[in-house]
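To keep things clear, I will list the structure first and then write my remarks on it.
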Amino acid sequence: MKKLLLAAALLGLLPFSAHAAGLTYSADTAISLTGTSPAVTLTIASGSGADTVTVNTTDVTVSIPSGTQFTISSPYYALVVNGATSNAVISNACASDKTNTVTVSSSNTSTQNLTITIASYQCGGQSSNVGSGAGGGGGGGGGGGSIITTPPVATTTTTTATATSTPSTGTGTTNGTGSGNSDITALLNQLISLIKLADAQGLTISPELKAIAGIGATGMSGGGAGAGGRYFFQHNLQYGMHGDEVRELQLFLIGKDLGAAAKALHAYGANGNFGNLTKAALVEYQKAKKISPAVGYFGPTTRSMVNSDY
């Protein structure tokens, strides 16, 4: 029964409170805030500790004793920490892919009782494609936590990420220049994605363009494009997002054809929208590759696997 309650809590189906002295997370743990639209998946980092952790529908409350460090990350939107005292030591880092990581510890013997919420803007402070808190109806004021009313948009902008000289590893370095190899990689990714989409829709593609996209004479290969047509994923992706990278992920999952979910996605088509079919196909792929947790979130671990498996 305890295992069932824990599984339901991690899926965001009910509030979850873990009570244990010196509670320690031995592995990265995904939690879902189902009160936001779309639901947002956060990750509690391996090695984090707390006395209690409660996952609610729109926020996480955590009690951090002295000498314990707690780290949590959001894949796109900024995290806001409330309730910290002057003795709290807080590190707030924003990665190039807009992942926001917050680490909290206490500098003395006091315990930090915090509430961590999702902000109505993306990591880095750019308040685009999002809405504010839930309204109270009519002309009344809003209440509750921040609600994301418009799904985030996956783009191929490269102003904050530059590919390394060995992109086959699926990793990159950040220098914020948005020039050189990064621009070329982004343009090539866009071209490959468009060529593959046109081919999937039955349009006539010249042999030269097929060669660029790694498409064989009989159509798209099942994720096995040649080196000249490889697509390198650069961003985290999740339910509700849309854009060229989501479309390319859909084409990859369709090409792998690992089961019923991939077939259902193929029947629907690669439209660039990260919906339930895409999430189910991604979970199917994660399970096949023994990626845990297999929750349909395209984060660093899955992205590295896909880039090497393309």
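The values are calculated or read from the model by the stated rules, or taken from the named source; none is laboratory data. Since this is a predicted model, take the numbers as computed values, not measurements. When we count neighbours, we look across all protein chains shown, and the Cβ atoms used for this are built from the backbone with ideal geometry, even at glycine. Note: accessible area is taken over every heavy atom of the protein model, side chains too, but ligands, DNA and RNA are not part of it. Shrake-Rupley method; radii C 1.70, N 1.55, O 1.52, S 1.80 Å.
Some points to look at:
- Residues within the range 277-300 that are part of a helix (DSSP H, G or I), touching a residue at least 24 places away in the same chain (Cβ under 8 Å) and either of a type outside the set (A, V, I, L, M) or open to solvent by 20 Å² or more (accessible area, probe 1.4 Å) (or both), tallied: 6
- Pick from the range 94-114, criterion outside any loop (DSSP other than H, G, I, E, B) and of a type in the set (A, V, I, L, M), ranking: nearest to residue 52 (Cα to Cα): 114
- Pick from the range 252-267, criterion open to solvent by less than 10 Å² (accessible area, probe 1.4 Å) and among the aliphatic types (A, V, I, L, M), ranking: nearest to the chain's Cα centre (by Cα): 253
- Selection from the range 248-278 of residues that are within 26 Å of residue 28 (Cα to Cα) and touching a helix residue (DSSP H, G or I) at 6+ places or on another chain (Cβ under 9 Å): 249, 250, 252, 253, 258, 261, 274, 275, 277, 278
- Filter result for the condition that a residue is assigned to a strand (DSSP E or B) and in contact with an Asp or Glu (Cβ under 9 Å, 6 or more places away or on another chain), over 32, 63, 91, 46: 63
- Residue list for the range 76-90, filter: under 22 Å from residue 55 (Cβ atoms) and open to solvent by 50 Å² or more (accessible area, probe 1.4 Å): 82, 83, 90
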